[in-house]
Amino acid sequence: MPDSVDKDVYPEPPSQTPAPNRQSAVPDPVPLVTGLFSFFIDSPVTAFHDWMESQRSKRRIHYYHREFRRVPYLTECMEDDILCHYEANKQFKRDHLVDQEIVRIMRERVAACRTREGESANQNCAPLLKQYAEVCKAYKNRYEDLGYYGGARNCLMKQKERMMEERKAAAQDNLE
């Protein structure tokens with residue numbers, strides 16, 4: 001490689017870049033249009049939005065956790081009160097969903113305990129297995145024979161039949 005550089009092939013860059021000459025007879029319309037848009041359209045909309053947010057922040061509504069008030073059970077409703085029957089049935093459906101979630105969570109806890117404990121799962125997870133069995137028994141007693149369209153009335157009738165059977169069995173035990 002030669003020691004000297006050929007100035008014709010590699011010319012030196014200019015020491016300063018010249019500023020563009022922006023003198024024109026017609027003014028640039030972009031800043032004017034942008035300023036007008038900002039003043040007449042964006043500013044009122046932004047002010048309205050900020051005012052609405054301040055009003056909304058005073059009474060914040062959380063949509064992720066809705067709390068329903070407890071309604072009377074079906075036994076507390078009058079015979080011809082259709083609205084009370086409807087609300088009791090909806091309450092029953094919500095309770096059914098909650099009970100399903102409880103059973104699912106308990107099942108997941110038992111599975112996690114069995115995975116964690118391995119060979120000694122029956123011994124170390126015994127209290128959890130006992131609790132899971134109680135939860136499943138309670139769920140089965142309440143919802144077993146209701147079917148897909150079972151509601152509060154069907155559950156009440158099932159409960160009444162179970163109570164009558166228990167009374168008959170107690171009466172049979174007293175006679176013997």
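The values are calculated or read from the model by the stated rules, or taken from the named source; none is laboratory data. Note that the coordinates shown come from a computational prediction; the quantities given were computed from them, not determined experimentally. Reconstructed Cβ throughout: ideal geometry from the backbone, glycine too, with neighbour counts over all protein chains shown. Keep in mind that these areas ignore ligands, DNA and RNA; they rest on the heavy atoms of the full protein, side chains included. Shrake-Rupley method; radii C 1.70, N 1.55, O 1.52, S 1.80 Å.
Filter region 145-162 down to residues that are of a type in the set (A, V, I, L, M) and in contact with a Lys or Arg (Cβ under 9 Å, 6 or more places away or on another chain) and give me whichever is surrounded by the fewest Cβ atoms within 10 Å (Cβ to Cβ).
Among those residues, the one meeting the criterion is Leu146.
Conditions: (1) modelled with pLDDT under 90; (2) surrounded by 10 or more Cβ atoms within 10 Å (Cβ to Cβ); (3) hydrophobic (A, V, I, L, M, F, W, C). Phe48 meets all but one. Number of the miss?
The one condition Phe48 does not meet is (1).
Any residue at all in region 56-79 that's surrounded by 10 or more Cβ atoms within 10 Å (Cβ to Cβ), of a type outside the set (Val, Ile, Thr) and more than 20 Å from Arg153 (Cβ to Cβ)?
yes
Could you list all residues from region 81-97 that are open to solvent by 80 Å² or more (accessible area, probe 1.4 Å) and under 25 Å from Lys137 (Cβ atoms)? Walk me through it before giving the result.
The first filter runs over region 81-97 and keeps only residues open to solvent by 80 Å² or more (accessible area, probe 1.4 Å), leaving 82-83, 86, 90, 97.
Within region 81-97, just Leu97 meets the criteria.
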